[in-house]
1. In the set LEU234, LEU229, LEU269, LEU282, which member is surrounded by 14 or more Cβ atoms within 10 Å (Cβ to Cβ), within 16 Å of the ligand (Cβ to nearest atom) and modelled with pLDDT under 95?
2. Against the condition within 12 Å of PHE114 (Cβ to Cβ), in contact with a strand residue (DSSP E or B) (Cβ under 7 Å, 6 or more places away or on another chain) and in a loop (DSSP other than H, G, I, E, B), how does LEU84 come out, does it pass?
3. Taking the options LEU101, LEU142, name whichever one is part of a loop (DSSP other than H, G, I, E, B) and modelled with pLDDT of 95 or more.
4. Considering only the stretch 171-224, how many residues are in a helix (DSSP H, G or I), hydrophobic (A, V, I, L, M, F, W, C) and within 20 Å of LEU242 (Cβ to Cβ)?
5. What pairs come up if the first residue lies in the stretch 105-116 and is closer than 10 Å to ASP83 by Cα, the second is polar (S, T, N, Q), and their beta carbons are under 8 Å apart, counting only those six or more places apart or on different chains?
6. Taking the condition within 16 Å of the ligand (Cβ to nearest atom) and open to solvent by 60 Å² or more (accessible area, probe 1.4 Å), does VAL244 pass?
Amino acid sequence: MPELPEVESLTGFLRERAVGRTVLGVDVVAFQALKTFDPPVTALGGLTVTGVSRHGKFIDLDCDGLHLIFHLARAGWLRWRDDLSGAKPVRPGKGPLAVRLRLAPDEEGLAPGFELTEAGTQKRLAVYVTKNPDDVPGVAALGPDPLDESFTVAALKRIVGGNRTQIKGLLRDQKIIAGIGNAYSDEVLHAAKMSPFKISATLTDAQIADLHEAIITTLRDAVERAHGLAAKDLKAEKKSGLRVHNRAGQPCDVCGDTIREVSFADSALQYCPTCQTGGKPLADRRLSRLLK
Ligand SMILES: [Zn+2]
């Protein structure tokens, strides 16, 4: 799933290519992806892209005040196309293509655009057309953006204070902090040398400061690495930059210990025992249930 750094990069990528151009049309192939019906997607035709911004993991294409907002979810992606003038209309129900946005041709006759695709059978990609981004429930409910100036150590202290959830879950909760998902929460906790199961409210002031530093550094580094990359190169870059996430069984590049994993029903987390849990492996609940 694309998280804050990849979405930030896609946002910049689209801003460079789409701002100032006229929208020719938006084709919705996967009807379940479109979550709004008024205004209709056809209202975007003829409007000019005036800005592209990010809200958490949402991308917001501002077209003369009408917003096309989308969330790529777990298996969604954005594919830029240099020329869609010869592209055939797509019938619903075939392949991963969900939405196609066509831009007006330039002087050379090339009509670029982009496609939102979604792999797999779980269709979670979501697209909204709205005059006000806050009408999108997921956007309205977002917590503070960790790359915003207002996300200070004091702000993080207010967030964790009194919160009895495990820190891994807190970091992933979009209503608490916007933009961090399963991958970067693993990375942040590894950088902070903190157990994913630690109860948020038990963090000391020093640990909150360390966690804050880990959040900012991890995300800024990832944003920097992803900056300027083409959409198609982002996935490989994300994978190569991860130190613990999806690396179970491999050595930790900080201490050399073997990275371990805890599995849940529909996800897994990875961590380094030496760096994060005093050398003790965490209980894998799924495994212990199986052994009973
Ligand atoms: Zn380690």
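1. So the residue among LEU234, LEU229, LEU269, LEU282 that is surrounded by 14 or more Cβ atoms within 10 Å (Cβ to Cβ), within 16 Å of the ligand (Cβ to nearest atom) and modelled with pLDDT under 95 is LEU282.
2. Against the criterion (within 12 Å of PHE114 (Cβ to Cβ), in contact with a strand residue (DSSP E or B) (Cβ under 7 Å, 6 or more places away or on another chain) and in a loop (DSSP other than H, G, I, E, B)), LEU84 qualifies.
3. LEU142
4. 12
5. PRO105/SER85; GLY109/SER85; LEU110/SER85; ALA111/SER85
6. It is false that VAL244 is within 16 Å of the ligand (Cβ to nearest atom) and open to solvent by 60 Å² or more (accessible area, probe 1.4 Å).
Per-residue answers, yes or no, for (1) out of contact with any Leu (no Cβ under 7 Å at 6 or more places or on another chain); (2) closer than 22 Å to LYS123 by Cα; (3) hydrophobic (A, V, I, L, M, F, W, C):
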position	(1), (2), (3)
ALA18	no, no, yes
ARG21	no, no, no
PRO39	no, no, no
VAL49	no, no, yes
SER53	yes, no, no
ASP60	yes, yes, no
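The values are calculated or read from the model by the stated rules, or taken from the named source; none is laboratory data. Worth saying up front: this structure is predicted, and the values here are computed from it rather than measured. Neighbour counts run over all protein chains shown; Cβ positions are idealised from the backbone, glycine included. We work out accessible area using only protein heavy atoms, side chains counted, and drop any ligands, DNA or RNA first. Shrake-Rupley method; radii C 1.70, N 1.55, O 1.52, S 1.80 Å.
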